[in-house]
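See below for the structure under consideration.
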Amino acid sequence: MKIAMLALVLAALAATPDFAANAAGKGAKAILKAGSYSAKAAALVCAACPPEVEKTLKTFPGIERVVVSREKSTVSFRVKKGFSVKTAKLQAALKAASDKEGMGADYSLSGLKRVGP
């Protein structure tokens with residue numbers, strides 16, 4: 001009985017995106033090192049969203065070349081050589097910015113991937 005219950009709990013945890021991402025070395029514990037990155041933004045609902053995302057990302061030392069497309073709901077940026085950014089801090093800052101904006105905005109990033117050096 002205990003083994004069956006444990007198996008159910010582990011299966012449920014493994015199905016959650018955060019657990020699966022962290023288990024794969026990604027997600028909240030990931031650190032973005034120097035390079036170019038791209039991701040999808042959850043909900044850029046108005047013309048004010050892209051500048052707010054850009055402003056938020058640029059508050060992180062080492063982030064540059066931020067490009068936000070409302071039409072494609074994409075965000076791209078570069079982490080400069082010698083810098084690193086914790087994804088958990090990046091996501092927290094973007095959540096705070098979208099919560100402040102309101103109106104259904106959600107700046108959280110998904111599918112974050114390195115696309116170049």
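For the stretch 36-54, check the following and say yes or no: at least one residue is farther than 17 Å from Lys100 by Cα, out of contact with any strand residue (DSSP E or B) (no Cβ under 9 Å at 6 or more places or on another chain) and either at pLDDT 95 or above or not polar (S, T, N, Q) (or both). There is no residue in the stretch 36-54 that is farther than 17 Å from Lys100 by Cα, out of contact with any strand residue (DSSP E or B) (no Cβ under 9 Å at 6 or more places or on another chain) and either at pLDDT 95 or above or not polar (S, T, N, Q) (or both). Got at least one residue in the stretch 52-63 being part of a strand (DSSP E or B) and within 14 Å of Leu109 (Cα to Cα)? Checked the stretch 52-63: no residue is part of a strand (DSSP E or B) and within 14 Å of Leu109 (Cα to Cα). Taking the stretch 60-73 as the range and being in contact with a strand residue (DSSP E or B) (Cβ under 6 Å, 6 or more places away or on another chain) and on the phi < 0 side of the Ramachandran plot as the test, the residues that pass are Phe60, Ile63, Glu64, Val66, Val67, Val68.
Residues that are in a strand (DSSP E or B), closer than 18 Å to Ser108 by Cβ and more than 15 Å from the chain's Cα centre (by Cα) within the stretch 64-82 comprise just one, Ser69.
The values are calculated or read from the model by the stated rules, or taken from the named source; none is laboratory data. Small disclaimer: the values here were computed from a predicted structure and weren't measured. We place every Cβ from the backbone using ideal geometry, glycine too, and count neighbours over all the protein chains shown.
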